[in-house]
1. Is it true that Thr32 is part of a loop (DSSP other than H, G, I, E, B) and under 14 Å from Leu160 (Cβ atoms)?
2. Please determine whether any residue of the range 42-50 is at pLDDT below 95 and basic (Lys, Arg).
3. I need the full set of residues from the range 103-114 which are open to solvent by 30 Å² or more (accessible area, probe 1.4 Å), in a strand (DSSP E or B) and β-branched (Val, Ile, Thr), in order please.
4. Take the residues in the range 79-102 that are β-branched (Val, Ile, Thr) and either open to solvent by less than 60 Å² (accessible area, probe 1.4 Å) or closer than 25 Å to Glu43 by Cα (or both), then tell me which one is modelled with the lowest pLDDT.
5. Kindly establish whether Gly92 is small (Gly, Ala, Ser), assigned to a helix (DSSP H, G or I) and touching a residue at least 24 places away in the same chain (Cβ under 8 Å).
6. What's the number of the only condition in (1) within 22 Å of Thr103 (Cβ to Cβ); (2) surrounded by fewer than 18 Cβ atoms within 10 Å (Cβ to Cβ); (3) at pLDDT below 95; (4) not acidic (Asp, Glu) that Ala67 fails to meet?
7. Tally the residues that are farther than 19 Å from Ala158 by Cβ and part of a loop (DSSP other than H, G, I, E, B), restricting the search to the range 44-57.
8. Open to solvent by 70 Å² or more (accessible area, probe 1.4 Å), assigned to a strand (DSSP E or B), free of Cβ contacts under 8 Å to residues at least 60 places away in the same chain and not aromatic (Phe, Trp, Tyr): which single residue out of Arg41, Arg76 fits that description?
Amino acid sequence: MSWCKAACLTLLLSACGFTPVYGPVGVARGLTGEIAIDPPRDETGFVFVKKLEERLGRASSARYRLAADLDVSEERQGITPSNDSTRVHVVGTLDYQLLQAGTNAPVRSGQITSFTAYSDPVFTDTRVTIAGNPVTVRAARRDATERLMTILADRLTAELQASAADWRQ
């Protein structure tokens with residue numbers, strides 16, 4: 001992009017009131033490290049908390065506490081005539097509540113849902129696998145779940161940053 005296009009884009013964005021969330025006067029400035037995330041209850045929750053801490057930072061002097069309830073399920077897709085599935089959707093629903101540290105007064109809450117998918121093994125009529133085996137399916141399931149946790153952490157981070165002017169004191 002040429003310097004002229006960049007200058008025009010900057011002027012256009014500033015004219016419409018756009019301010020970067022982490023800019024000098026951005027609503028999310030200084031948000032890093034201010035939200036303590038409740039400890040995870042399982043492996044999936046651990047991955048989610050890790051991804052979220054990569055984005056928000058680990059709380060050092062937390063002004064807020066994030067309580068998150070994570071529900072992950074699988075839905076079979078691509079059902080064959082022999083009732084086998086060829087694809088599995090991993091669906092995640094995150095119910096969260098952001099609380100004021102110390103008082104536990106709620107300042108924001110919401111729900112985020114998303115999904116990822118992975119391939120199931122494909123079998124012949126004689127039940128011989130054409131593609132996939134237990135090891136590759138386990139790895140694909142783990143990878144899909146990690147991708148889902150990344151998506152949920154990204155969406156929650158974006159939601160908290162975009163709404164920080166409403167709840168941040």
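The values are calculated or read from the model by the stated rules, or taken from the named source; none is laboratory data. Note that the coordinates shown come from a computational prediction; the quantities given were computed from them, not determined experimentally. Here Cβ is always computed from backbone atoms with ideal geometry, including for glycine, and neighbour counts include all displayed protein chains. The protein model used for the area step is the full one, side chains on, heavy atoms only, and it has no ligands, DNA or RNA in it. Shrake-Rupley method; radii C 1.70, N 1.55, O 1.52, S 1.80 Å.
1. Here the answer is yes, as Thr32 does meet what is asked.
2. So far as the range 42-50 goes, no, none of its residues is at pLDDT below 95 and basic (Lys, Arg).
3. Quick first cut of the range 103-114, residues open to solvent by 30 Å² or more (accessible area, probe 1.4 Å) only: 103-109, 111, 113.
Filter once more, keeping what is in a strand (DSSP E or B): 106-109, 111, 113.
Once the filter is applied, which keeps residues that are open to solvent by 30 Å² or more (accessible area, probe 1.4 Å), in a strand (DSSP E or B) and β-branched (Val, Ile, Thr), the range 103-114 yields Val107, Thr113.
4. Thr80
5. No: the conditions fail for Gly92.
6. Every condition holds for Ala67 apart from (3).
7. 0
8. Arg76
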